[in-house]
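The values are calculated or read from the model by the stated rules, or taken from the named source; none is laboratory data. Here the structure is a predicted model, which is why all the values come from computation and not from measurement. Neighbour counts run over all protein chains shown; Cβ positions are idealised from the backbone, glycine included. Note: accessible area is taken over every heavy atom of the protein model, side chains too, but ligands, DNA and RNA are not part of it. Shrake-Rupley method; radii C 1.70, N 1.55, O 1.52, S 1.80 Å.
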Amino acid sequence: MPEALPHRSVVRPLLSVVVPAFNEASNLEPFFEELEPVLRETRLPWELILVDDGSRDETWQRIRVLHDRDPRVRGVRFSRNFGHQYALLAGLSRSRGDAIVTMDADLQHPPAVIVRMLEEWRKGSQIVHTVREDSGSEPLFKRMSSRLFYRVFSFLSGTRLSSGMADFRLVDKRVARSLLDFPEEGVFLRGLVHWIGFPSSSVSFACQPRFSGSTSYTVRRMLRFAWTGVTSFSLVPLRLCIVLGFLTSGFAFEQLLEALYRKLVLNANVPGWTQTMVVLSFLFGVLFILLGILGEYVGRVLIEVRRRPRFIVRDELGATGDAGSTVGLCDESGGSPAS
Ligand code: UDP
Ligand code: MG
């Protein structure tokens, strides 16, 4: 009986739940209260890995309280805010489960869905995606922008993503291992889990409103996230530059022919400076856009070749055991001197 198992880290858990948390102090307790009965219901041994992504509130203290209450709750604390995607990666790198569920700490992802995900996993899906049902709880702007992004992303990268995908999914440990083998910066897990293949299926869920606090994805952060996703997956923007270059040179060439025609055939005056200025500023504008896009990719190459650690762990609660630190983290002893 799984319930009779001692709550010690020597027990190899079968189910890991990875939850990134950034300023979620007020959500962690209610989240755990809702998650725990569901995990009990699965009758599997489990572990919960809460990753504190450099929160400025009491998040880490709350994780500590939960860990003291139930040692199956483990904690990883970053030295600063590294971002949601890296928090997910850190959680995956620490997981020892055969099935690993990733979800948000704000109760937008209902824990009850885990039961259905496990059913799919048992049937042989090594990745179980979730798709948000349009429940209307998300602001219209967020829904529209997310739909637009997935369209554009699928077009640019050739990796089909359907809209409403969330970082709420179950992956088999083999999938997690493959994900950790990607050494790249600017990880975009939503794209990668499609790119790597493996048999997959999806379950739908009704997205709940955030329990408390506010989203940390501001418009600026969402745009940056989207741009990182696109540039880490696709070279199409660079190719679009070439197309745009051809189009504008075509336009300039046409203007040149027109000027020659006026001068040589019609023997008329070539209208001067307005036209010149228009064409010039247009061409320069395009040129700067192209240089900007080029620069973005050069910048990404720099980021990749620097090979900095993708996240730095300041503190850890609960045994790390044999969980590999195959990600950017240099060593397992990433804990602070105090830990
Ligand atoms: N999160 C994180 N680091 C960040 C931003 C967010 O770990 O820099 C976590 C956050 O605590 C939550 C999840 O990622 O558990 C999703 O973030 P949020 O709810 O703010 O985004 P939304 O659901 O509005 O897209
Ligand atoms: Mg949320």
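Restricting 199, 183, 209 to residues that are within 13 Å of ligand 1 (Cβ to nearest atom) and out of contact with any Lys or Arg (no Cβ under 6 Å at 6 or more places or on another chain) narrows the list to 209.
Checking the structure you have, find out if any residue of the stretch 21-29 is more than 26 Å from residue 172 (Cβ to Cβ) and more than 16 Å from ligand 2 (Cβ to nearest atom). Spell out how you get there, then give the answer.
Narrowing the stretch 21-29 to residues more than 26 Å from residue 172 (Cβ to Cβ): 22-29.
If we keep only those that are more than 16 Å from ligand 2 (Cβ to nearest atom) too, we end up with 29.
Yes.
How many residues are open to solvent by less than 20 Å² (accessible area, probe 1.4 Å) and either more than 16 Å from ligand 2 (Cβ to nearest atom) or in contact with a His (Cβ under 8 Å, 6 or more places away or on another chain) (or both) if we restrict to the stretch 155-166? Looking only at that region, the number is 4.
Taking the criterion of being away from ligand 2 (no atom under 16 Å from the Cβ), open to solvent by 10 Å² or more (accessible area, probe 1.4 Å) and in a helix (DSSP H, G or I), the residues of the stretch 185-215 that qualify are 194, 195. Only one of the listed residues (135, 79) is surrounded by fewer than 24 Cβ atoms within 10 Å (Cβ to Cβ) and modelled with pLDDT of 95 or more. That residue is 79.
Residues in the stretch 167-184 that are open to solvent by less than 10 Å² (accessible area, probe 1.4 Å) and part of a loop (DSSP other than H, G, I, E, B) were compared, and the one that is modelled with the lowest pLDDT is 167.
Take the residues in the stretch 216-251 that are among the small types (Gly, Ala, Ser) and open to solvent by 30 Å² or more (accessible area, probe 1.4 Å), then tell me which one is nearest to ligand 1 (Cβ to nearest atom). Lay out the reasoning, then the answer.
Here is the first cut: in the stretch 216-251, the residues among the small types (Gly, Ala, Ser) are 216, 226, 229, 232, 234, 245, 249-250.
With the extra rule that they be open to solvent by 30 Å² or more (accessible area, probe 1.4 Å), the set shrinks to 216, 232, 249-250.
Details: 216: 4, 232: 17, 249: 42, 250: 42 Å.
Taking the candidates together, the pick is 216.
Residues are listed down the side, and each one gets a yes or a no for (1) within 10 Å of ligand 1 (Cβ to nearest atom); (2) open to solvent by 40 Å² or more (accessible area, probe 1.4 Å); (3) in contact with a helix residue (DSSP H, G or I) (Cβ under 6 Å, 6 or more places away or on another chain):
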position	(1), (2), (3)
41	no, yes, no
48	no, no, no
53	yes, no, yes
65	no, yes, no
94	no, no, no
105	yes, no, yes
108	yes, no, no
112	no, yes, yes
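Of everything in the stretch 258-275 that is open to solvent by 90 Å² or more (accessible area, probe 1.4 Å) and not in a loop (DSSP other than H, G, I, E, B), the residue that is modelled with the lowest pLDDT is 274.
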